[in-house]
1. Please enumerate the residues belonging to the range B:178-218 that are under 24 Å from B:Pro236 (Cβ atoms) and part of a helix (DSSP H, G or I).
2. Taking the condition of being in a loop (DSSP other than H, G, I, E, B), closer than 19 Å to B:Phe285 by Cα and not hydrophobic (A, V, I, L, M, F, W, C), how many residues in the range B:238-253 meet it?
3. Restricting the search to the range A:282-325, which residues are within 14 Å of chain B (Cβ to nearest Cβ) and in contact with a Phe, Trp or Tyr (Cβ under 9 Å, 6 or more places away or on another chain)?
4. Give A:Ile365, A:Ile399 a once-over and let me know the one that is in contact (Cβ under 8 Å) with a residue 12 or more places away in the chain, over 25 Å from the mean Cα position of the chain (by Cα) and under 30 Å from A:Ile309 (Cα atoms).
5. Give me a count of the residues in the range A:266-281 that are within 14 Å of chain B (Cβ to nearest Cβ) and within 13 Å of the chain's Cα centre (by Cα).
6. Show the residue pairs meeting these rules: Cβ distance below 6 Å; 6+ apart or different chains; first residue within the range A:465-490 and in contact (Cβ under 8 Å) with a residue 40 or more places away in the chain; second residue assigned to a loop (DSSP other than H, G, I, E, B) and surrounded by fewer than 17 Cβ atoms within 10 Å (Cβ to Cβ).
7. Going through A:Ser85, A:Ser78, A:Ser25 one at a time, which residue ends up being more than 8 Å from every other protein chain (Cβ to nearest Cβ), farther than 16 Å from A:Ala113 by Cβ and over 27 Å from the mean Cα position of the chain (by Cα)?
8. Please work out which one of (1) in a helix (DSSP H, G or I); (2) at pLDDT 95 or above is the condition A:Ala44 fails and give its number.
Protein chains: 2
Amino acid sequence: MEAPAQYSELKKRLSEIYDLYGASSVLGWDQATYMPPGGAAARARQLGTLSKLAQEKLTDPAIGKLLDELRSFENNLSRDSDEASLIRVTRRSYQIATLIPPALVEEISNHIAMAYQTWAKARPENNFVAVQDNLEKTLDYSRQYAESLRPLDSNYRHVMDPLIDLSDYGMQVETVQSVFTELRQALVPLVKAISESSVTDDACLYQSFPGDQQLAFAKEVIQKFGYDFQRGRQDPTHHPFATRFSAGDVRITTRVDDHHLGDGIFATFHESGHGMYEQGINVDFDATPLGGGTSAGIHESQSRTWENIVGRSRAFWEHYYAPLQALFPDQLKNVSLDTFYRAINKVEPSLVRVKADEVTYNLHIMVRFDFELALLEGKLAVKDLPEAWNARYQADLGITPSDYKDGVMQDVHWFAGLIGGAFQGYTLGNILGAQFYQTALKSHPEIPAEIGQGKFDTLYGWLRANIYQHGSKYNAPELIQRVTGGPLDVQPLVSYLYSKYGEIYGLNL
Amino acid sequence: MEAPAQYSELKKRLSEIYDLYGASSVLGWDQATYMPPGGAAARARQLGTLSKLAQEKLTDPAIGKLLDELRSFENNLSRDSDEASLIRVTRRSYQIATLIPPALVEEISNHIAMAYQTWAKARPENNFVAVQDNLEKTLDYSRQYAESLRPLDSNYRHVMDPLIDLSDYGMQVETVQSVFTELRQALVPLVKAISESSVTDDACLYQSFPGDQQLAFAKEVIQKFGYDFQRGRQDPTHHPFATRFSAGDVRITTRVDDHHLGDGIFATFHESGHGMYEQGINVDFDATPLGGGTSAGIHESQSRTWENIVGRSRAFWEHYYAPLQALFPDQLKNVSLDTFYRAINKVEPSLVRVKADEVTYNLHIMVRFDFELALLEGKLAVKDLPEAWNARYQADLGITPSDYKDGVMQDVHWFAGLIGGAFQGYTLGNILGAQFYQTALKSHPEIPAEIGQGKFDTLYGWLRANIYQHGSKYNAPELIQRVTGGPLDVQPLVSYLYSKYGEIYGLNL
């Protein structure tokens, strides 16, 4: 069936909207990489203007009319067709955009810009009082925002449900809680067993390792993974991220420490996973709502796959440790592969989420998720958050932050966005990464051996065919079902962690 | 008098438009510096969308209505006031924008994008035939564009007049021709006298001079000039340019050759002149039509002042040659200041405009200006252009290009924009640079001595107070009158060139 004129008209309008998003991404990338300090004020204003224009165009009633007129065309198509998917996903974007009052969008955007600046200044000063009022206001905005999205789904039961649904479609407070509880029950005994076992020494990582050389190594590896530098690049920043300007320009950013081997390398692997996902999306989806990762959890699953499942595996380093040693001969000549492998997989409860190991990382996320919920429900007051945070860290990780900087103020999320929906995606990503990888191994049991030879084509090809290419055509539950034949499942992650860390720490589990 | 509500409304609308321009500039800068090849197609489309949206907003009849309603407010203000200037300059922008049919704008923009790609590929292949049809079409579009602007001024007599007026307000074919004739009459005997005098040897510049070190040197100098790196930065590119994102973010780009001392340094000085002009504009003019340089010629006068009048002066190098020698001790230890000074000021008729010396440079511009005119008037056919080009170079500069690459196809202008109005600004800039500098010396005869001590505050301060800060508040003729007390005058440039090169070449003029 030939597409009606309304379909072309819709795509034309979407292209304008996504050109504005693409432009915003360029401005945001520049802001985080190269912008001189003097550019900050105007840049915030320019980003605000682009966002406002895109929002106006997306909520134009003409879009709603086109979507209505396209109903019969859509109904005659297979749900799996690109055209039906485009219409369906656009309808949801339109619905979300029209539900939120423009004045609220603008108020929130102004508030967040200011709140972020305040946090950026207050955090190094360890000054929670300075951010407290902003946080109260952010909380209030988060509730209003969530409330305005309530019509999206009659099954929402909790104030946080719409916020979770927005980043991780199909998940709600109760489903996340059930998943987290199951994972927690497996993690607590694992962490306990590890902490009672012999200590791993990672001193070998704390020497002088010139950042340029670390990044050159990482760059070579991610090209082997499948990241395409003809359609991307890597630049330095403070808080690494990946960003898509178009199908042909998906960039990653990184940060490296000259006195620590690893963070810069693993951050590069991580962002390359996000980048390969975006680079692998069907190019026909460019400048439409299909041309992007489908959910926060699915996105994170891809970064975690390349960072951890591949990048921190013994097989990977069986191939790559020799080149790394050759790069840093003085520093690593007396460090065996086994010592190095244990060092980069050292498990130790710590204060800072972004520096946490694979095992304890998810405990950090659970803390944040529970606090988001308690704050939104009004069960915890903002002023009581620091004390609650410290108590919870003591209870869950056995350590108490000595300051706010690396405690309650460590993450940018609540200070640069809404409260709620921000954190669950990280742990969902860890879960899904393991689940997808387990599925890939069923069809391709040769993958680990290939990784041991520095070959990644089979894994990359499988991920691209099964996940990347689809962009947002399938929502997260659909995609998980399609790929794995079942719903989200915690067990692959649990097996992966038990097996890997049982071996490293010689545990009897 | 308090500004009426319409004035704030106008400023609000202008801010949106200029945010779109600012965003376009960021995308253009990235395109020319860091964008990977894969990003090209979508970037062109994104730039097209931003430009279209800005054009729609600028031609919104609501702007015309506001401008009408602001007449009486404007008439009660002094013409020199910021408010009256904003209204006046906006009215002209609005008038220009509304005169050009949107369909023509879009056609031209699409054509140019394609024509540029074709040229970029055909030039290294020395293939004029490949660009010929595009050039015909560009010529046709240039005529249509100029024709649509005819209502701007009843004094236009020539098809090229509106195109010149757009970049160099107040100038027309006849005024440019009269200026160029006067300059040419002075240049021809000077070039002849130089070519008959002793030859200058610039071999000392052709050694290994690591680009990083050259740029580090240039960076230190331009900071002394007054370029502010807190509100700007410098990045590598193929064709150096300066670009403004906002009052607080004005960037320059440069290119450097590891095997030639000078090009990278003087290109940096040049772009810093453009950059200081934009950085020096009253910050209150940001995101309005006043917040930019007022004409192509005035802009170029500032780049030429710092590149040539300051940067290639003997006084400058009396201070800076020692640090340069210290940077390149092996390469320069046997090169005296006098030898170096002569080398960087070597006059020699050559094929490539951008590599031309101060004296012959303007002859290159005159060639191009005359050809633009002949093409637009239909007195020269595109197919005959290469032959005419070569003949003219032989006649004017005494050399014939051996290829198109460094002949008729050397400049990007006709392949990335309209034909007409593109070139005269460069020579007007040289003229105005000398004229402004002569005026500055009248108030501050100490300037050359200060330059000899590596001090630039007096000159920078004078330029900022008299030129930079005004942005586009005054048009070019008004500004020239205000600064110098008279109209544009060729004689200061002639005196400057005769005096400087008479001394270098020991001429009896």
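The values are calculated or read from the model by the stated rules, or taken from the named source; none is laboratory data. On a predicted model such as this, the values are computed, not experimentally measured, just so you know. Please note: Cβ atoms are built from the backbone with ideal geometry, for glycine as well, and neighbour counts cover all protein chains shown.
1. Going residue by residue through the range B:178-218, those that are under 24 Å from B:Pro236 (Cβ atoms) are B:205-218.
Matches in the range B:178-218: B:Leu205, B:Gly211, B:Asp212, B:Gln213, B:Gln214, B:Leu215, B:Ala216, B:Phe217, B:Ala218.
2. Residues flagged as in a loop (DSSP other than H, G, I, E, B), closer than 19 Å to B:Phe285 by Cα and not hydrophobic (A, V, I, L, M, F, W, C) within the range B:238-253 amount to 1.
3. A:Asp286, A:Ala287, A:Thr288, A:Gly291, A:Gly292
4. After ruling out the rest, the residue left standing is A:Ile399.
5. 2
6. Short answer, once both residue conditions are applied: A:Gln469/A:Asn282.
7. Values: A:Ser85 fails: over 27 Å from the mean Cα position of the chain (by Cα); A:Ser25 fails: over 27 Å from the mean Cα position of the chain (by Cα).
Selected residue: A:Ser78, the only one of A:Ser85, A:Ser78, A:Ser25 that is more than 8 Å from every other protein chain (Cβ to nearest Cβ), farther than 16 Å from A:Ala113 by Cβ and over 27 Å from the mean Cα position of the chain (by Cα).
8. Going through (1) in a helix (DSSP H, G or I); (2) at pLDDT 95 or above one by one, A:Ala44 breaks only (2).
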